[in-house]
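Heads up: the structure comes next, in structure tokens.
Computed from the coordinates by the stated procedures, all read-outs in this text should not be read as laboratory data. Given the structure is predicted, the values throughout are model-derived calculations rather than measurements. Counting neighbours? That spans all protein chains shown, and the Cβs are built from the backbone with ideal geometry, glycine included.
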Amino acid sequence: MSVFVLDSNILSFYMRQNQKIIKNVQDMLFTGNEVIIGPIAYYEVKRGLLAIKAEKRIIEFNALCKILGVGQLDNSILDFAADIYRELKEKKLTVEDADILTAAFCKNHNFTLVTHNIRHFEAISSLHICDWM
């Protein structure tokens with residue numbers, strides 16, 4: 001069994017009823033894998049929906065979160081993120097904090113990140129990434 005963590009852009013596609021993403025989620029669940037919402041992606045999507053007062057979409061998003069579940073951050077992941085930041089800084093590479101936290105969550109648990117923004121994460125070593133688009 002593998003665990004696939006949805007990034008905010010994939011969640012956005014899902015929420016807009018992108019059939020390719022919906023089918024991939026269904027296929028992964030049907031084959032015994034787990035699909036969860038990344039904790040940073042949860043924050044990014046929720047803040048966006050709240051900012052535009054999209055009440056109906058907030059209800060839909062909350063229902064999706066109950067079905068798939070949302071990953072949790074803890075100190076071990078934050079420590080892992082700090083290490084990733086240090087490694088990138090030594091290489092003189094810059095990656096957004098949200099992406100570092102997302103990568104740390106996935107790497108800490110050996111999960112696969114599902115994102116359409118591969119470029120945001122390619123500097124982070126040993127991160128399992130796939131793009132369902």
How high is the FRET efficiency from Ala54 to Ala98, r the C-beta distance, R0 22 Å, rounded to 0.05?
0.60
Could you work out how far helix 55-68 tilts from the main Cα principal axis of the chain, as a 0 to 90 degree angle to the nearest 10?
70 degrees
Once exposed loop trypsin sites (Lys or Arg not before Pro) are cut out (DSSP; at most 12 other Cβ, 10 Å), longest piece of the chain
93-133
Return the calculated 222 nm mean residue ellipticity for the chain, to the nearest 500 deg cm²/dmol, obtained by summing -39500 (n - 2.57) across DSSP H runs with n ≥ 4 and dividing by the residue count.
-18500 deg cm²/dmol
Rounded to the nearest 10, the angle in degrees between the Cα long axis of helix 75-90 and the longest principal axis of the Cα atoms of the chain comes to 60 degrees
Cα long-axis angle, helix 97-109 against the chain (0 to 90 degrees, to the nearest 10)
90 degrees
Among (i) 44, 36, 26; (ii) 81, 28, 23; (iii) 50, 35, 31, the entry derived from the coordinates for Cα extents along the principal axes in Å:
(i)
Assuming 0.36 nm per residue, please report the length gained on full extension of the stretch Asp79 to Ser126 beyond their Cα-Cα distance.
15.3 nm
Rounded to the nearest 20 debye, dipole of region 3-130 from Cβ charges on Lys, Arg, Asp, Glu:
480 debye
Got the relative contact order for region 1-125 handy, in percent, Cα pairs under 8 Å and 6 or more residues apart?
35 percent
